[in-house]
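Colleague: One structure is given below, represented as structure tokens, and several questions about it will come after.
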Amino acid sequence: MTDNMVIKRLDAGQADFTRALDALLDRRMIEDPQTSKTVADILLDVRTRGDAAVVDYSRRFDRFAGNTVSELEVSKAQMQASLDSLDQELADALHTAADRIRSYHERQVQPSWQYEEEDGSVYGQYVVALERVGIYVPGGKANYPSSVLMNAIPARVAGVDEVIAVVPTPYGADAGGEGRLIFAAAAVAGVDRLFTIGGAQAIAALAFGTETIPRVDKITGPGNVYVTAAKKQVFGEVGIDMIAGPSELTVICDGNTDPDWIAMDLFSQAEHDEQAQSILISTDRAFLDKVAASIDRLLPGMERRDIIRTSMQNRGALIYAPDQDAAMKICNQIAPEHLELSVAEPEQWLPKVRHAGAIFLGRYTPEALGDYCAGPCHVLPTSGTARFFSPLGVYDFQKRSSIINCSAAGAARLAPVAEKLAQNEHLQAHALSAAWRIPGRKSGRE
């Protein structure tokens, strides 16, 4: 460890390394039974009482002093006024980020497609956007206008008819500070309606609908433990993107990047939350010492140093790996949300990456650029779920229907196959439904 014991040191060559890494990566999404019950009660209450329940919870948790959900809604005019009130440099930054996010996601749009067989039968896939989606913008320790852009813009590119946003901010639309920036981002991203509510009650309102808040088809965006539990419990009533945990960054470095840069990259994840995870893997022991020294020297000057320190002490690590293969094996075991390959010729390392939410190649590509303005969505799989989840994208806001258009000749060719398989499954009506399309076979009118 460093002199101030800010971050653990692990060695892949040690006998107990696997046990130590498993302990560090203990990311089981175990919900406290009381949390689950509390969330279930809130969901039922909002489902039963609608607006009245939302108002009660907003008074209780968000310092709301009003009487109706309408008072919690930020109008389009207020969103635009917030955007217009920004200084030009900040407004330009929002627009630049939005343009880059839009440009990237336009390349993800999946068109419908068809092909025709020789007998005239046509098969394909019909791709259509969801009608209405809800995006949850996290709040609490910080506000994230970038999350508005990252959720709403892919939905808009996909062709979603209506985007409803919820954000747990106590700031009014006419107030200064971070709340105003959230509303400005909503204007840039094309959000249709925005409500200043959060927590499980916001998820319930989106999932079930209330007198004022419309029910959506899918909910996207990360939140705290109550939001996560609520999304899990409403899944099936509505679609969800993924189950989000604390933010994560793994950096693999060959020892030739400025150690201060790497330390600050690790800080950039750790400052999110005490449960965030920052890990550095290097094949150079001396470089790990340099990064440890940078951490000790730079940490006292960080505004969120207490959060960073707690995160790095409890969940961070500097890991020595003897070679590239060992480093990549550890990385794939971690399956990080964000992966920085801060190495020479990172493209040569890329084919060995099996599990990562977003991959940042080279020494000049810090994860922070991806958080705000590179273009790809920053809503990413966490807690090892990069093994089977992908980043949020346009495809999450589209759904697909199969197209089957059999000609008479095509039906006659396929019907015997379907009939035989249906008979084997003892489904008589299935077999007859297919067989009666064969010329000369008995129909129900004979």
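Colleague: (1) surrounded by 15 or more Cβ atoms within 10 Å (Cβ to Cβ); (2) at pLDDT 95 or above; (3) farther than 30 Å from Ser282 by Cβ: which one isn't true of Arg441, the others all being true?
Modeller: Result: Arg441 fails condition (2) only.
Colleague: Looking at the stretch 234-253, which of its residues are surrounded by fewer than 20 Cβ atoms within 10 Å (Cβ to Cβ) and out of contact with any strand residue (DSSP E or B) (no Cβ under 7 Å at 6 or more places or on another chain)?
Modeller: Phe235, Gly236, Glu237, Ile243
Colleague: Being touching a strand residue (DSSP E or B) at 6+ places or on another chain (Cβ under 9 Å), under 30 Å from Thr228 (Cα atoms) and either polar (S, T, N, Q) or outside the structural domain of Leu149 (by TED's automatic domain parsing) (or both): is that true of Ser383 here?
Modeller: Yes: the conditions hold for Ser383.
Colleague: Checking the structure you have, find out if any residue of the stretch 170-189 is at pLDDT 95 or above and β-branched (Val, Ile, Thr).
Modeller: yes
Colleague: Would you mind finding the one in Pro336, Pro346, Pro366 that is closer than 20 Å to Asp265 by Cβ and in contact with a His (Cβ under 9 Å, 6 or more places away or on another chain)?
Modeller: Details: Pro346 fails: in contact with a His (Cβ under 9 Å, 6 or more places away or on another chain); Pro366 fails: in contact with a His (Cβ under 9 Å, 6 or more places away or on another chain).
Criteria check complete, one pass: Pro336.
Colleague: While we're on this one: Just the residues that are in contact (Cβ under 8 Å) with a residue 24 or more places away in the chain and loosely packed, with under 12 Cβ neighbours inside 10 Å, please, taken from the stretch 33-69.
Modeller: Listed by number, the list holds a single entry, Arg63.
Colleague: How many residues are assigned to a helix (DSSP H, G or I) and over 20 Å from Thr169 (Cβ atoms) when one looks only at the stretch 37-54?
Modeller: 12
Colleague: Show me the helices (runs of 4 or more DSSP H) entirely contained within the stretch 343-446 in which 3 or more residues are under 42 Å from the mean Cα position of the chain (by Cα).
Modeller: Per the criteria, 367-372, 408-424.
The values are calculated or read from the model by the stated rules, or taken from the named source; none is laboratory data. These numbers come from a predicted model, not from an experiment. All Cβ positions, glycine included, derive from the backbone under ideal geometry; neighbour counts span all protein chains shown.
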